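Here is the structure we will look at.
The values are calculated or read from the model by the stated rules, or taken from the named source; none is laboratory data. From a predicted model like this one, the values you see are computed outputs, not experimental measurements. All Cβ positions, even for glycine, are placed from backbone atoms using ideal geometry, and neighbour counts span all protein chains on display. Protein only, heavy atoms only, side chains kept; ligands, DNA and RNA dropped before computing areas. Shrake-Rupley method; radii C 1.70, N 1.55, O 1.52, S 1.80 Å.
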There are 4 protein chains.
Amino acid sequence: MKIGMIGLGRMGKNMADRLRTGGHQVVGYDISPESGRDVDSLQALVDSLEAPRAIWVMVPAGKPIESTLDQLGDLLDRGDLVIDGGNTRFTQDQAHAKALGAKGIGLVDVGTSNGIWGRENGYALMVGGSDEDVARIQPILDTLKPEGEFGLVHAGGTGAGHYAKMVHNGIEYGMMQSLAEGYAVLEASDLIQEPDEVVQSWRKGSVIQSWLLDLLAKSLQEDPHLAHIAGKAEETGETKWMIGDALELGVPTPAITSALYARQSSQIQDPMTMKAVSALRNAFGGHPIVKE
Amino acid sequence: MKIGMIGLGRMGKNMADRLRTGGHQVVGYDISPESGRDVDSLQALVDSLEAPRAIWVMVPAGKPIESTLDQLGDLLDRGDLVIDGGNTRFTQDQAHAKALGAKGIGLVDVGTSNGIWGRENGYALMVGGSDEDVARIQPILDTLKPEGEFGLVHAGGTGAGHYAKMVHNGIEYGMMQSLAEGYAVLEASDLIQEPDEVVQSWRKGSVIQSWLLDLLAKSLQEDPHLAHIAGKAEETGETKWMIGDALELGVPTPAITSALYARQSSQIQDPMTMKAVSALRNAFGGHPIVKE
Amino acid sequence: MKIGMIGLGRMGKNMADRLRTGGHQVVGYDISPESGRDVDSLQALVDSLEAPRAIWVMVPAGKPIESTLDQLGDLLDRGDLVIDGGNTRFTQDQAHAKALGAKGIGLVDVGTSNGIWGRENGYALMVGGSDEDVARIQPILDTLKPEGEFGLVHAGGTGAGHYAKMVHNGIEYGMMQSLAEGYAVLEASDLIQEPDEVVQSWRKGSVIQSWLLDLLAKSLQEDPHLAHIAGKAEETGETKWMIGDALELGVPTPAITSALYARQSSQIQDPMTMKAVSALRNAFGGHPIVKE
Amino acid sequence: MKIGMIGLGRMGKNMADRLRTGGHQVVGYDISPESGRDVDSLQALVDSLEAPRAIWVMVPAGKPIESTLDQLGDLLDRGDLVIDGGNTRFTQDQAHAKALGAKGIGLVDVGTSNGIWGRENGYALMVGGSDEDVARIQPILDTLKPEGEFGLVHAGGTGAGHYAKMVHNGIEYGMMQSLAEGYAVLEASDLIQEPDEVVQSWRKGSVIQSWLLDLLAKSLQEDPHLAHIAGKAEETGETKWMIGDALELGVPTPAITSALYARQSSQIQDPMTMKAVSALRNAFGGHPIVKE
């Protein structure tokens, strides 16, 4: 089918490529002229598609997606459909659906996983929206997803796609942190001669065999003690939102929360928390504090 | 080669089978007459092997392994070799190696993963001991391990095999807990229609694709909301030991520790910690306490 | 000064008493006729005060406070002042101030600590609002607070009072959990003969001397092993909200989060998380699962 | 009574002073000639006391205490008594008691709290040992402890004193971390004008009033945003040991563990854990890694 694609960054461009390889017609737009866009404006994108249109939006959460959906609300016609394939917070999806719905425009939210590997292997897709809207883009979803029976789920109504992806990312954080903690212990122990070889060995026959383990093993092949990588990692929102919702649901998520806190801590230069602990140690015990 | 196998439970029996299928001669012994053992006593086992002997011990950690190694120390000859394939704490391996070594008997410690799947697919093996001792049992290790380049590592000297397995299990706990937390959030949210379908979809194209995810998906196929499974899980020692060593090494392991605490908590009926919190809430705020 | 008091439960009644003892005139109202209220309706309360009025509202967060503030918005006059002394989420204070402000009615938010002990010893008060509004109720605040230089702070603009109280409660959760964990370890260890006596001894000369420790010691005097108290504790919102805001601020709060999760876990009968862990253990290791 | 004191550092010197002020005769020894020691050698110390002797040892845990106890075992006579007032790991006390006991020398272990404030206000003392041995030094304990009914407990047999102190320190870590987390949130929030003033206000009437809160408030009076203190804090062993024992006892201590991990993390420059997480993010998502 024919579809518009807004946002031709790392993810959007690769998805457009996979769709074209799969026989679809994709008209791409991006705010950057260097993006290899097919059209120069949102208006031009809309004009290039026949109603009822379907436009996949692949832009960053926050300002960019808000602004894009606002403009699409003005440019599109009753019966058109917008797919938000980015990392929008699920709580925003409802508001977006309401605003677009008031103009007769549908919204499908899709959580998309597999980063830079998706173009070749397919993207895991988690979809939220009405049965009718989802059915309209089924050919697109079928092409984007990996081959076989897995990799696509219609998780529920509006917001459910981003919700499922948010939970996926929470699990991802917890798994990565678990692998990283174990690896750090191997590195610290005198008993283990070559930590990277232990990790390699786990790739088959172990309970923890996984894609993430494979990736860690590959990273270690290039840099056996990760000497060239700084001990810092960013967090990108979804896991934080997941923990926030779990707090409200009354479902404790201690391992995933630990993973998020480890990332946040790695971003803080001179943590106020430890300043306070250090001040207290000095106050009651006369323990020296490192004056700056 | 010819090898003795002590302990014919779930693990030992399957390993003996895999070894025989691989062309080795295995003489099996177990304390239970119903085990299908080949000989009736440790003495008979030793007598059935020609020096220099190799005996693989697959019995529970603690009393059973201590007692077995003590007896083997008395029965074996200088130049014989014992392989401890169980879950012995790495701190004990040194003591065992010293006691056996005083009699000229070698010790190789092997951490073994893959539970009930190993017979068919091979066991991930993490090995500790001298190069010479490990070389002697290389044919056995090659048969037990999975096919291909992975699944076997000589991790270091005495104790390194059990150490690597211990860290593997810590990672395993963290990964399982992460998956479980995410699944529990899916179950608790009104947005997600069929949590089990979301889990199924992640099996391909997602960042969290893994053997554990596959197993969770299969469990959910049989029992979509895990209604027939109690919310309790035991811990079996290794992860606790790993955290204990990480504490000494100064390597924080918050996600894996969370996983262990979640299991320990699930085993406590009426936790003293929460009794104390409840008493305090009552004392300062007059909040009602549930009298038993 | 003269003030209205809405909500004559445990907290409101005691505060009214302390105010009267301090020489203020308090007109009390509560929805319950058995509350000992002075007037029978909100309208009557408003009528009994001369403009510009000041009304202290001490009702539960959520529906009750929303409804009360809505009604006061209709009944009060320009220049009147409402004090929300309950546990409203700070994010709501802004909305309340805006709605009331549109009608010329002021709002001061006050976080109030000290539960059932405040009537006698005074209440720790954390206040949010404009300098002008806060100044108007200074006589009330001075009477409610404990004697001496501490126990009252004007923390900032609208919401800052509830914010400071929310953080106070987070710390409170962390401290209680820390005490409770330590006590539980004392109880579990064979080395310690009388855990309650150890706790008593800490009341003086120790680094952890605190009001909460005193309260735990007193609880243990009545019930040395807390045998009559169930191992469950509720959470009442503030700490959850604090963690939620800390997540957004990028300030990790692992100890306080642990305290909240311990309470939430204590409320869950058959946790889905541990069902999933148990299902996984069974799937890869054949470990028995407790069928229900 | 007359007593020897070994170790005249910050703690030992102050304790000797308090004992002398209380009417006891103290003969002090320290390895450092600048310590103001009364005698120049352990032998001279032993010679200066009449049998049956009592000697209080106040030296660092590890090598120093091991060496001192070894020497005392050689120098003292049957019927003499050694008091270990330092921070020895409780698991070592048993070994020490056995070695000394073989020579007829008694051992009492005393956990001592109150750091630099003890000289004036008294030390919280947690005591382990036989009733008979403890009775012999009761006059010393009565002088060292704070006035009043609290501050001293005979917690149990050998090791119980250090065990109780170890748990005390675990609680201390958790309380300090809780206070520090709350303070860090106040600092990070735009709503709170003067975080230090909020902390000051909590000193009376609040649920969290405590000595540690007082100390934090005082630190903030000198340095309102702790600008001159580095965000690092050491850990000194006891809490780590407590968590280690709690792991074995099956008592989860998540808040206290979080406090320890926060300190350990603050000591790690470029954490291997986060290197691994960062490598993984790069591997699957192409996220940039900060090359060093």
Which residue, B:129, B:106, B:79, has the most motion in a Gaussian network model of chain B that connects Cα atoms within less than 10 Å?
B:79
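If Lys and Arg each add +1 and Asp and Glu each add -1, what is the summed charge of the other residues whose beta carbon sits under 13 Å from the beta carbon of residue B:170?
-2
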Per the axis that maps chain D onto chain C, nearest residue of D (Cβ criterion) and its distance in Å
D:210, 2
May I ask for the angle, rounded to the nearest 10°, between helix C:211-222 and the longest principal axis of chain C, with both axes built from Cα atoms and the value confined to 0 to 90°?
60
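Just to confirm a number: summing +1 for Lys and Arg and -1 for Asp and Glu over residues other than residue B:150 whose beta-carbon lies under 9 angstrom from that of residue B:150, what do you get?
Summing Lys and Arg as +1 and Asp and Glu as -1 gives +2.
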About its Cα centre, what dipole magnitude does the stretch C:185-292 give when the only charges are +1 on Lys and Arg Cβ and -1 on Asp and Glu Cβ, stated in debye to the nearest 20?
360
How do B:213, B:191 rank by accessible surface area computed with a 1.4 Å probe, from largest to smallest?
B:191, B:213
Could you order peptides A:150-163, A:10-23 by the average number of other Cβ atoms within 10 Å of their residues, highest first?
A:150-163, A:10-23
If R0 = 51 Å, then residue C:234 and residue B:50, at their Cβ-Cβ distance, give a FRET efficiency to the nearest 0.05 of 0.15
Å² of accessible area per residue within the stretch D:44-133, as computed with a 1.4 Å probe and no ligands counted
40
For A:50, C:194, give me the order by solvent-accessible area with a 1.4 Å probe, most accessible first, ignoring ligands, DNA and RNA.
A:50, C:194
Along each principal axis of its Cα atoms, how long is chain A end to end? Whole angstroms, biggest number first, please.
73, 46, 40
Based on the alpha-carbon gyration tensor of the stretch B:251-292 and its eigenvalue square roots a ≥ b ≥ c, which shape applies: rounded if a/c is under 1.5, prolate if not and a/b is larger than b/c, or oblate?
oblate
Per residue, how much accessible surface does the stretch C:165-285 expose to a 1.4 Å probe? Answer in Å², no decimals.
26
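For the pair residue A:142 and residue A:103, what calculated FRET efficiency results from E = 1/(1 + (r/R0)^6), where r is the Cβ-Cβ distance and R0 = 30 Å, to the nearest 0.05? The partial results should precede the final answer.
Values: r = 28 Å, r/R0 = 0.94.
Result of the calculation: an efficiency of 0.60.
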Which one, B:91, B:139, B:41, is farthest towards the positive end of the dipole of the stretch B:2-157 when Lys and Arg carry +1 and Asp and Glu -1 on their Cβ?
B:91
How much net charge surrounds residue D:199 when only the other residues with a Cβ under 11 Å from the Cβ of residue D:199 are counted, with Lys and Arg +1 and Asp and Glu -1?
-3
GNM on chain C, C-alpha springs below 10 Å: top fluctuator among C:231, C:28, C:36?
C:231
Sorted shortest first, the nm distances from the residue C:31 label point (7 Å along Cα→Cβ) to its counterparts in the other copies are 4.8, 6.6, 7.2
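Mind checking the mean number of beta-carbon atoms from other chains within 10 Å of the Cβ atoms in D:229-241? Write down the numbers at each step before the final one.
Numbers: counts 14, 9, 13, 8, 14, 6, 2, 3, 1, 0, 1, 4, 2.
So the per-residue partner count for this stretch is 6.
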One decimal, nm, shortest first: give the distances between the label point of residue D:149 and those of the same position in the other copies, each label point 7 Å from Cα along Cα→Cβ.
3.2, 7.1, 7.4
The protein assembly as shown: antiparallel DSSP beta bridges as a percent of all, rounded to 5:
25
Of the beta bridges DSSP finds with both residues in chain D, what % are antiparallel, to the nearest 5?
20
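Classify the stretch A:21-64 as rounded, prolate or oblate from the Cα gyration tensor: take a ≥ b ≥ c as the square roots of its eigenvalues, call it rounded if a/c is under 1.5, otherwise prolate when a/b beats b/c and oblate if not.
Since a/c stays below 1.5, the shape of the stretch A:21-64 is classed as rounded.
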Suppose R0 equals 45 Å; then what is the FRET efficiency for residue D:131 and residue D:269 from their Cβ-Cβ distance, rounded to the nearest 0.05?
0.35
Report in % the part of the accessible area of the stretch A:165-285 that belongs to carbon and sulfur, leaving out ligands and nucleic acids; probe 1.4 Å.
43
Going through the cross-link list C:13/C:98; A:13/A:63; D:204/D:232; A:204/B:204; B:275/C:240; A:165/D:232, which pairs have a Cα-Cα distance over 25 Å in this structure?
C:13/C:98; D:204/D:232; A:165/D:232
Can you give the Rg to Rh ratio of the stretch C:2-157, both from alpha-carbon atoms, with Rh computed by the Kirkwood formula?
0.92
List the distances, in nm and shortest first, from the label point of residue C:194 to the matching label points in every other copy, placing each point 7 Å from Cα along the Cα-to-Cβ direction.
4.7, 6.2, 6.3
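How big is the C-alpha Rg of the stretch D:131-250 next to the rule-of-thumb value 2.2 N^0.38 Å, as a ratio?
1.38
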Output field shielding_mean for B:108-115 (other chain Cβ, 10 Å radius) holds 3
Skipping prolines and chain starts, which residues have an amide H placed within reach, meaning under 5 Å, of the one on residue B:106, given they are 5 or more residues away or on another chain?
B:79, B:80, B:81, B:82
Might you work out the accessible area of residue B:235 for me, using a 1.4 Å probe with all protein chains in place, and round it to the nearest 10 Å²?
50
Counting only protein heavy atoms and using a 1.4 Å probe, what share of the accessible area of the stretch B:2-157 belongs to carbon plus sulfur, as a whole percent?
49
On average, how many beta carbons from a partner chain sit within 10 Å of the beta carbon of a residue in D:120-127?
3
Summed buried accessible surface, chains B and C, 1.4 Å probe, nearest 100 Å²
4600
Could you list log10 I(q)/I(0) for the protein assembly as shown at q = 0.05 Å⁻¹, which the Debye formula gives when each Cα is one point scatterer?
-0.40
